[in-house]
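A short reminder: the numbers here are calculations on the coordinates, not readings from a lab. Since the structure is predicted, the reported quantities are computational estimates derived from the model, not experimental observations. Heads up, the Cβs are rebuilt from the backbone with ideal geometry, glycines too, and the neighbour counts pull from every protein chain shown.
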Amino acid sequence: MRIFLTASSVLVALLLLPACRFGRASANTSAPEPVVEEAPSIPPGAMALIRAYPEFIDSYSDNQLLFRDGSSMVYDDGVAKSYLERLDDADPEDMFADVYYTGPVRVPEYCYDPGRGRCEALFKKMYGSSAAEVRKHLVDVQWFGQKIPFTSVNGAADSLRAVAADIMANHPEMKKYFDKSSSFYWRAVRGAQRLSAHSYGMTVDICTEYSNYWRWSNPGKEELDELEFKNRIPDEVIMCFERHGFIAGAKWYHFDSMHFEFRTELLYYGRE
Ligand SMILES: [Zn+2]
């Protein structure tokens, strides 16, 4: 995964570090607590977004994500949302409601779907707000004998290339899981109005033959129904994607085990 450090993120880190150290030191002393003017705190989700997308997001102030082009976006709309509302109308803060974990797949808790809800305004701003705009950033990635289009924005295509190189170097026996992969497709999610992550060109579906999708495995079931969990994608494949900034749909309660999405903010957040 590419790690970006900008002057502003270093500054943010420097602002936060002394506050932590002071906090620990004062616990060991009997002297009266000094009144310290603390730097305004930045929500961990906003910090993760700044670290993940420094080419776009410069900083955070007063509940706003501040973009390098001078625009801004409300971080937390303050609305308490149900699971379905978070899915259809996520603000940046809602994207962190479920914390993504890396490593071997566990059977998910009811409606645990980290990353499945996306703030559409944020992703359209970065990757393009129409099929034509997204297409401008697509480059070809050599992918297990295929050439698939992927966005160069945020280093996503380079990260996908790194996944392929990693698999070939460390798990060549896993090649069969990548046959007939697909990536960019501007469309709504099956059965919903919101855009699929495939619309932004930063998502790949690997071989459907070895994949399970919650709607196919649970015919007639809807979002809030009890589902039977299935996944046949090996942990090695999933962990390889995670090493390079991707999250796996195999970890969702609404499992979509072919689906891998470039979402470094969730990986940074999980590590905070
Ligand atoms: Zn997918």
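Computed values, structure above
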| item | result |
| --- | --- |
| Residue exposure sequence - Ile57, Ile148 - by fewest surrounding Cβ within 10 Å | Ile148, Ile57 |
| Amide proton proximity set for Ser72, modelled H, under 5 Å, gap of 5+ | Phe67 |
| Dipole of the stretch 90-249, positive end: most advanced residue of Ala90, Phe144, Ile167 [Cβ charges, Cα centre] | Phe144 |
| Out-of-range pairs (alpha-carbon distance over 32 Å; input Lys125/Lys176; Lys125/Lys251; Lys81/Lys124; Lys125/Lys230; Lys176/Lys251) | Lys125/Lys176; Lys125/Lys230 |
| Positive-end extreme of charge dipole, the chain - chosen from Gly103, Tyr177, Gly270 (charges on Cβ) | Tyr177 |
| For Gln64, residues with placed amide H under 5 Å, excluding near neighbours | Tyr75 |
| Nearest 10 degrees, 0 to 90: helix 156-170 Cα axis against the chain principal axis | 70 degrees |
| Charge dipole (debye, nearest 20) of the chain; +1 at Cβ of Lys and Arg, -1 at Cβ of Asp and Glu | 960 debye |
| Highest average packing first - 190-198, 242-250, Cβ atoms within 10 Å | 242-250, 190-198 |
| Mean projection area, nm², convex hull over Cα of the stretch 117-272 | 9.3 nm² |
| Per-residue ³J(HN,Hα) for the stretch 240-253, Karplus 6.51 cos²θ - 1.76 cosθ + 1.60, θ = phi - 60°, Hz, x for Gly and Pro | 5, 4, 4, 4, 10, x, 9, 9, 10, x, 5, 8, 8, 4 |
| Residues Lys124, Lys136 arranged by fewest to most Cβ contacts within 10 Å | Lys136, Lys124 |
| Pair-distance profile P(r), taking every C-alpha pair of the chain, with 10 angstrom steps and integer % | 6, 28, 34, 21, 8, 3, 0 |
